[in-house]
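First the structure, in the form of structure tokens, and then the observations on it.
The values are calculated or read from the model by the stated rules, or taken from the named source; none is laboratory data. The structure displayed is predicted, hence computed values, not measured ones. FYI the Cβ positions are ideal-geometry reconstructions off the backbone, even for glycines, and counts take in every protein chain you see. The area values use the complete protein model at the heavy-atom level, side chains included, leaving out ligands, DNA and RNA. Shrake-Rupley method; radii C 1.70, N 1.55, O 1.52, S 1.80 Å.
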Amino acid sequence: PTARFGLSKQCTMGLLDDDDDYTSAVATAGSFLGGTFTALGWWLFVGFLLQAGAEAEWASPPPVNSTLPLAPAGLRSGAYWAPGILQTAALVMLNALNWEAVSEDTLGDASVALRARLWVTVCFVVMFTALGGAIWILVENAADERAWKGAGPAVVA
């Protein structure tokens, strides 16, 4: 693997001696980054919700004399939590998989690799569905003139 990336053996200091170590390091780094971004997204989402408590009108229907923007119905009902929950569930599902099972070198049983690849595909479908839902919420929230504008970015975060 070191020749594949143009790295000399001295440059890697033994970190990438064979394919298994490289695959393991990439999987560990990917899991760490995915978890970090998911935690950051939840932190931003909760921060936006706390901000909405002070900046948006939560009563439905809003009082006649209220000048505050209206909290979107999805934010009031909890539906805006769905993309974050789906994304987190997909991340946990993806990290539950042993990445060695995805490779073709699995102890002579091709069905294990097939099932592992199917599991990865399902995880990515759930992740992209959550992303699509978040973008949908962002666009719908931006189109509503009376709605509080912090809800869309909160869901995408």
Within the stretch 56-65, does at least one residue satisfy the condition of being part of a helix (DSSP H, G or I) and open to solvent by 40 Å² or more (accessible area, probe 1.4 Å)? no
Within the stretch 68-83, restricting attention to residues that are surrounded by 22 or more Cβ atoms within 10 Å (Cβ to Cβ) and modelled with pLDDT of 80 or more, which residue is nearest to G133 (Cα to Cα)? P83
